[in-house]
Amino acid sequence: MAVKERVGLVVSDKMDKTVVVAVENRAAHTKYGKVVAKTKRYKAHDEENKCKAGDRVRIQETRPLSRTKRWQVIDILTTAV
């Protein structure tokens, strides 16, 4: 089974060892053809609290860590200014 990975933007880092990552998916509308952006938010485990709001991160699916947390941060691609 392939491991799911996503790249997204950290929108919240207020929780301890947890960040909220917004992943944007752009696709053409099935009927009208206009490119539509759809955003999905994932809660991801950040063991060392390194991520800050605005960082671009890579997350990977993992076993359930809490009621809503099923992802973990693999690495920080770019940092916020």
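A short reminder: the numbers here are calculations on the coordinates, not readings from a lab. Keep in mind that this is a model prediction, so the values were computed, not measured. As a convention, Cβ positions derive from the backbone with ideal geometry for all residues, glycine included, and neighbour counts pool all protein chains shown.
With a simple spin-label model that places each label point 7 Å from the Cα along the Cα-to-Cβ direction, the separation between GLU48 and ASP16 comes to 2.0 nm.
For the chain, a simple Cβ point-charge model (Lys and Arg +1, Asp and Glu -1, everything else neutral) yields a dipole of about 520 debye relative to the Cα centre.
Here the simple spin-label model places points 7 Å from the Cα toward Cβ, and for VAL23 and THR68 these points are separated by 1.7 nm.
Annotation note: GluC sites (Glu not before Pro) in the range 1-55 located in DSSP loop regions with a Cβ neighbour count of at most 11 within 10 Å are GLU47, GLU48.
Extension gain for TYR32 to ILE76 (0.36 nm times residue separation, less C-alpha to C-alpha distance): 12.2 nm. For the charge dipole of the chain, defined by +1 on Lys and Arg C-beta atoms and -1 on Asp and Glu C-beta atoms about the Cα centroid, which residue among ILE76, VAL11, HIS29 has the Cα displaced farthest towards the positive pole? The residue sitting most towards the positive pole is HIS29. For LYS14, the aspartates and glutamates whose Cα falls under 13 Å of its own Cα, not counting residues fewer than eight places away in the same chain, are ASP46. Built from the Cα atoms of the chain, the convex hull projects on average onto 6.8 nm², one quarter of its surface area.
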